Each structure stands twice: as C-alpha cells, then as structure tokens.
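Participant: My questions all concern the structure below.
The values are calculated or read from the model by the stated rules, or taken from the named source; none is laboratory data. If you're wondering where the values come from, they're calculated on a predicted model, not measured in any experiment. No Cβ is skipped: glycine too gets one built from the backbone with ideal geometry, and neighbour counts run over all protein chains shown. Please note that ligands, DNA and RNA were not included when accessible areas were found on the heavy atoms of the full protein model with its side chains. Shrake-Rupley method; radii C 1.70, N 1.55, O 1.52, S 1.80 Å.
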Amino acid sequence: MNFADSLKENKIFKVIAEAAKESSVDAYVIGGFARDLILKRESKDIDIVCIGSGIDLANAVAAKLGGDIEVAVFKNFGTAMVKHDDWEIEFVGARKESYNRDSRKPIVEEGTLEDDQNRRDFTINALAISLNAKDFGNLLDPFGGVEDIRKKIIKTPLQPEITFSDDPLRMMRALRFASQLNFDIAPETFEAIKKNKDRLSIVSMERIADELNKIILSSKPSYGFKLLFHSGILDKIFPELTELQGVETIDNKSHKDNFYHTLQVLDNVSKESDDLWLRWAAILHDIAKPATKRFDEKIGWTFHGHEDRGAKMVPSIFRRLKLPLNEKMKMVANLVRLHLRPIALVKENITDSAIRRLVFEAGEDINSLMILCRGDITSKNDLKVKKYLENFRKVELKIKEVEERDNLRNFQPVVTGEDIMKTFGLKPSRIVGDLKTDLREAILEGHVKNEYKEAFEYLLEIAEKKYNLKTPSVKISTKKSDQ
Ligand code: ATP
Ligand code: MG
C-alpha cells in the first residue's frame with residue numbers, strides 16, 4: 001500500500017521529509033495517524049519516528065517552518081513536540097524498550113524501525129508510513145495491522161502476556177480502542193488481559209481514568225463496559241458498578257439487573273448527548289441500589305432513597321477515580337439526586353408548584369436531567385416504553401411552559417437579602433435567611449408571583465406576622481420597577 005497522495009495533502013509531511021533528508025535520517029509516520037488514515041478517521045496528532053534523534057529532527061522541522069515555531073523538548077523521554085496549524089507533531093527516535101516488573105516505565109535504548117514497531121501496543125498501532133525519498137508513502141506493516149483493521153480486531157503484535165505485563169495500561173487501551181472503533185479483541189489477547197488484570201495496580205489512577213473516560217465518550221459505551229466487566233477489570237477499578245450486576249428472586253418476584261439497566265441508560269443518554277458528565281450521571285444514577293435494596297412481602301423489591309444515597313456516594317467515587325472534584329462533580333451528584341423526580345411527575349397530577357420546585361432545584365441542569373430521565377425509561381416491553389415516553393413528553397411540555405412563564409431556571413428572588421436588611425434595618429442574621437426562605441417557598445408554591453411588588457408586600461406581611469417586625473413607613477420602594 002502507498003499513501004503518498006494522502007500525505008501530499010498536508011504540506012507538513014513534505015517539510016518533515018525534507019528536514020529528515022537534510023539531516024540524513026530516515027523518518028516515518030507511525031501509530032495512530034497511520035491507523036486513522038486507513039480507517040478514514042480524523043486524527044489530530046501525528047507521531048513521527050526517526051532513526052536518530054527525534055529532538056534534532058523536531059528542531060530541523062521547526063527551523064524549516066520558520067518564524068516563531070516553538071519546540072517543546074521532553075529530554076527525559078527523548079521526545080519533542082512541534083505545534084503547527086492545528087497539528088501536534090511528536091518526534092521520537094526509534095527505540096528498543098525493556099521493562100522492570102514493578103514499573104511501567106521502560107529502560108530505553110536506541111533501536112531500529114523494527115524494534116520500534118515491536119514496542120507498539122497493537123498491530124493496528126504499529127503501522128509505519130515512510131517519509132523517505134526512496135519509498136515515500138510506502139506502508140510498513142510487519143504484524144498484519146491492515147488485515148486486523150479489515151477484520152476489526154485488536155491484537156498485540158507480540159505475546160500478549162508480555163505486552164500487558166510490561167505496561168498494564170495497554171489493557172485499558174485495548175478495551176478503549178475496541179469501544180471507540182467498535183472492534184473485537186482477539187481471544188488470546190483478551191485471555192491475557194484477564195490474567196494480567198491485577199497488574200493494573202502499578203498504573204496511576206489518572207491514566208486509568210483517562211482511558212475510562214474515552215470509553216465513556218465512545219458512541220456505544222456499553223460495549224466498552226461489558227469488556228471491562230468480563231475481563232474482570234471493572235471489579236478492580238470500580239467495584240460499585242459490578243455490585244449492580246445480578247438478579248435476586250424471592251417469592252417469584254425478581255428485580256431487574258441494575259448493571260445491564262445502567263448500561264442501557266448510558267447508551268440511551270449517549271445517543272442524545274456528548275457530555276461526559278451527563279454520561280457519568282447515567283453510570284451513577286442507580287449506584288446506591290445495592291445499598292438500599294429491601295424485600296417487602298407486599299410490594300416486592302424496593303430501593304427507597306437510592307437517589308439521595310447515590311448522590312452522597314458521588315464525591316468519594318470521584319475522589320478515588322481521580323475525577324475532578326469541582327462543579328462537574330456537583331452536577332453529577334445533583335442529577336443522581338433528582339433522577340426520579342421528573343418520572344414521579346408522570347404518575348401524579350402535575351401541579352405547577354411541583355414543576356416549579358423541580359426547575360428551581362435542577363437549575364442549569366434541567367435539560368440534562370430530562371435527557372437522563374428519558375434514558376432511564378427502559379423495559380423489555382417496547383409498548384410500555386412507548387407509552388411511558390408519551391406521558392413523559394407531557395411533563396416535558398409542562399416544564400417548558402412553567403419555566404418560560406416563571407423564569408425559574410436561574411431563580412433569583414426579586415427581593416434580595418440586601419433589600420430585607422435595608423427595609424427592616426437588620427444586620428446579616430438568621431432572621432434574614434429565614435425571611436428569604438419563606439419568600440422563596442411562597443414563590444415556589446405559587447402563592448406569590450416572582451415579581452417585586454407582590455413579593456415585597458408578602459415580605460412585609462410575613463415579617464410582621466411571624467417575626468413581629470414593624471412595617472416601615474415607606475411601603476413600596478420605587479427603586480425597582482416590576483418585571
Ligand atoms: P489516540 O490519539 O486516538 O488516542 P493513538 O493510537 O494515537 O490514539 P496515542 O496515545 O496518541 O494513541 O499513542 C500514539 C502511538 O504510540 C500509538 O498508536 C501506539 O503505537 C503507541 N503507544 C501509545 N501508548 C502506548 C503504550 N502504552 N504501549 C505501546 N505503545 C503505545
Ligand atoms: Mg494519538
């Protein structure tokens with residue numbers, strides 16, 4: 001196979017080829033870029049391997065590109081990176097690697113192109129394309145990577161046991177590529193993953209989480225999770241999730257398998273949204289079901305309070321998985337906590353105040369919450385799902401209507417704490433907070449409109465009634481106009 005024409009489309013390859021020629025080193029495009037070229041997949045980074053110094057070649061390329069191109073040199077790794085247009089081009093000298101048992105950091109020595117291809121993780125990632133004058137564009141595929149792309153197979157180039165034991169992160173990468181590309185994993189490769197799963201303990205959680213997030217962001221993440229589950233890795237890194245698996249039966253009554261249900265919800269949500277954190281909320285929405293599971297002779301299986309308990313589990317799970325402990329985590333916890341609320345509204349007579357409360361509590365996350373809830377409607381009975389979704393649609397319309405009318409998504413009471421303090425000459429104190437809460441409750445219940453005049457009059461009323469605060473002489477301030 002020859003890729004000269006494809007490479008000529010991007011002028012950077014010409015520049016690299018010239019720089020390599022002038023420096024008298026052979027250079028090759030290697031790994032992901034070559035793979036994605038064959039898969040017709042867009043790729044954003046380019047890896048170049050040369051038989052010599054990667055850092056020197058990077059400098060030569062930068063000089064040729066001219067101007068203010070910067071070369072980021074990673075001396076310890078013997079690599080260098082050049083950014084040009086939207087491309088990140090990484091240069092490395094061909095190398096041979098050998099590993100210690102207790103570290104995934106290899107001992108590195110200079111090597112040939114073959115040595116370098118041998119150290120690659122999968123046959124599909126070991127492809128090299130020549131940038132040299134004598135065979136520009138030629139594909140060098142020592143392990144049948146092109147055939148494996150055609151067969152959609154992830155396979156290690158050398159003995160899988162050794163490949164995975166050397167660098168256990170490769171096991172996560174195998175599952176990640178399978179999930180991203182919708183490839184199978186070769187049987188002996190998968191067996192080796194099962195055998196070596198404990199070796200993941202030498203990999204940092206950050207790296208594991210990176211790969212996990214890539215699985216979650218693939219178009220059908222349930223596939224990656226099933227591979228994680230069947231390889232035994234999921235139980236190592238995320239036991240709360242494997243706990244969900246299984247069905248218990250008492251008195252002929254069974255509950256659903258919450259693991260497979262969760263994966264279905266994750267896929268459903270993934271069809272609607274690329275948001276990693278909404279996808280995380282799908283993964284975690286029923287996470288407290290094992291902890292709250294009870295059998296009641298009359299009603300059967302219950303999971304009372306699993307939404308609150310689940311929301312409380314989110315921070316510790318995020319901390320352990322080294323996920324960010326920021327507002328994204330808060331959003332996930334919020335979605336887990338609220339995930340039953342919209343569904344509950346389907347069954348009840350929907351009151352405006354129930355809707356107002358939900359919109360107020362969900363705030364900015366209301367759209368995500370609705371996607372999660374819609375995804376949570378799963379059943380083997382398609383008719384049931386259809387009927388449920390139709391009812392749910394009514395709730396959605398109602399939410400939209402109330403939200404537009406009452407402007408509650410970013411609820412800010414029109415009368416602020418500041419106003420309350422000024423009106424009654426109060427210092428910041430508990431009573432100010434209590435008055436604010438009373439006012440908010442009255443607005444959410446629909447007793448008072450979310451507009452200044454009505455809210456202020458109500459404030460004066462409860463202040464006098466409940467707290468015996470005297471009504472000030474000026475009843476209605478003129479500084480604010482009604483909305
Ligand atoms: P993507 O960029 O889409 O994640 P990629 O295959 O380019 O996929 P990178 O992490 O960018 O993945 O790595 C570039 C190349 O380096 C890979 O194609 C592979 O040849 C090699 N590689 C990366 N990580 C490893 C590893 N842990 N073990 C062996 N080879 C690796
Ligand atoms: Mg890459």
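Participant: If we sort 15-25, 45-55 on the protection proxy, mean other Cβ atoms within 10 Å, highest first, what's the order?
Facilitator: Details: 15-25: 18.1, 45-55: 21.6.
Per-residue Cβ counts within 10 Å, averaged per peptide and sorted highest first, yield 45-55, 15-25.
Participant: While we're looking at this one, here's another question. What is the local net charge at TYR28, summed over the other residues whose Cβ is closer than 11 Å to its Cβ (Lys, Arg +1; Asp, Glu -1)? Write out the running numbers ahead of the final one.
Facilitator: Values: positive: none; negative: ASP26, ASP47, ASP116, ASP135.
Charge balance near TYR28 sits at -4.
Participant: Pairs to check: LYS322/LYS380; LYS11/LYS40; LYS152/LYS384; LYS236/LYS386. Give those whose C-alpha atoms are more than 28 Å from each other in this structure. Don't skip to the end; give the middle numbers.
Facilitator: On the way: LYS322/LYS380 36 Å; LYS11/LYS40 19 Å; LYS152/LYS384 36 Å; LYS236/LYS386 37 Å.
Violating the 28 Å Cα-Cα cut-off are LYS322/LYS380; LYS152/LYS384; LYS236/LYS386.
Participant: Averaged over all directions, how much area does the convex hull of the C-alpha atoms of the range 4-151 cover when projected, in nm²?
Facilitator: Working: hull surface 36.4 nm².
Result: 9.1 nm².
Participant: Using the Karplus curve 6.51 cos²θ - 1.76 cosθ + 1.60 with θ = phi - 60°, what ³J(HN,Hα) values do you get for each residue of the range 301-316, in whole Hz, with x for Gly and Pro?
Facilitator: Each residue of the range 301-316 in turn: 6, 10, 9, 4, x, 5, 6, 5, 4, x, 4, 6, 7, 4, x, 5 Hz.
Participant: Under the rule of at least 5 residues apart or a separate chain, name every residue whose amide H is placed under 5 Å from the amide H of ASN138.
Facilitator: Residues meeting the amide H criterion: PHE3, SER130.
Participant: Over the chain, what percent of the accessible surface lies on carbon and sulfur atoms, probe 1.4 Å? Provide the component values of the computation, followed by the final result.
Facilitator: On the way: 11820 of 24680 Å².
Reported share for carbon and sulfur atoms: 48 percent.
Participant: Also, I was wondering about something else. Using DSSP to define loop residues, name the GluC sites (Glu not before Pro) in the range 247-344 whose beta-carbon has at most 13 other beta-carbon atoms within 10 Å.
Facilitator: On the way: sites: GLU248, GLU272, GLU297, GLU307, GLU327; in loops: GLU248, GLU297.
Sparse-neighbourhood loop GluC sites (Glu not before Pro): GLU248, GLU297.
Participant: Could I ask something else about it? Short version: ³J(HN,Hα) in whole Hz for each residue of the range 158-171, in order, from phi by Karplus 6.51 cos²θ - 1.76 cosθ + 1.60 (θ = phi - 60°), x for Gly and Pro, what are they?
Facilitator: Taking θ as phi minus 60°, the curve returns 10, 4, x, 3, 6, 3, 7, 5, 4, 9, x, 4, 4, 5 Hz for the range 158-171.
Participant: Read phi for every residue in the range 205-213 and hand back ³J(HN,Hα) as whole Hz from Karplus 6.51 cos²θ - 1.76 cosθ + 1.60, θ = phi - 60°, with x for Gly and Pro.
Facilitator: 4, 4, 5, 4, 5, 4, 5, 4, 5
Participant: Skipping prolines and chain starts, which residues have an amide H placed within reach, meaning under 5 Å, of the one on ALA288, given they are 5 or more residues away or on another chain?
Facilitator: Correct list: GLY310.
Participant: What are the trypsin sites (Lys or Arg not before Pro) within the range 89-131 that DSSP puts in a loop, where the Cβ has at most 11 other Cβ atoms within 10 Å? Walk me through the intermediate numbers first.
Facilitator: Working: sites: ARG95, LYS96, ARG101, ARG104, ARG119, ARG120; in loops: ARG101, ARG104, ARG119, ARG120.
Counting only loop positions with at most 11 other Cβ atoms within 10 Å, the trypsin sites (Lys or Arg not before Pro) in the range 89-131 are ARG101.
Participant: In addition: Return the loop-located GluC sites (Glu not before Pro) in the range 40-92 (DSSP other than H, G, I, E, B) with at most 16 other Cβ atoms within 10 Å of their own Cβ; answer none if there are none.
Facilitator: Working: sites: GLU42, GLU70, GLU88, GLU90; in loops: GLU42, GLU70.
When the GluC sites (Glu not before Pro) of the range 40-92 are filtered for loop state and at most 16 Cβ neighbours within 10 Å, GLU42, GLU70 remain.
Participant: Got the relative contact order for the chain handy, in percent, Cα pairs under 8 Å and 6 or more residues apart?
Facilitator: Working: 721 pairs, mean separation 37.9, N = 483.
Relative CO of the chain lands at 8 percent.
Participant: Still on this model: Please calculate how many Å² of accessible area the range 417-467 carries per residue, with a 1.4 Å probe and no DNA, RNA or ligand atoms counted. Walk me through the numbers on the way to the answer.
Facilitator: Details: 2820 Å² over 51 residues.
It amounts to 55 Å² per residue over the range 417-467.
Participant: Given H placed 1.01 Å from N in the peptide plane, which residues other than close sequence neighbours of GLY93 have an amide H under 5 Å from its amide H?
Facilitator: Distant-sequence amide H within range of GLY93: CYS50, GLY54, ILE55.
Participant: Using the alpha carbons of the chain, what is the convex hull volume per residue in cubic angstrom, as a whole number? Don't skip to the answer; put the middle values down first.
Facilitator: Numbers: hull volume 107.2 nm³, N = 483.
Expressed per residue, the convex hull around the Cα atoms of the chain is 222 Å³.
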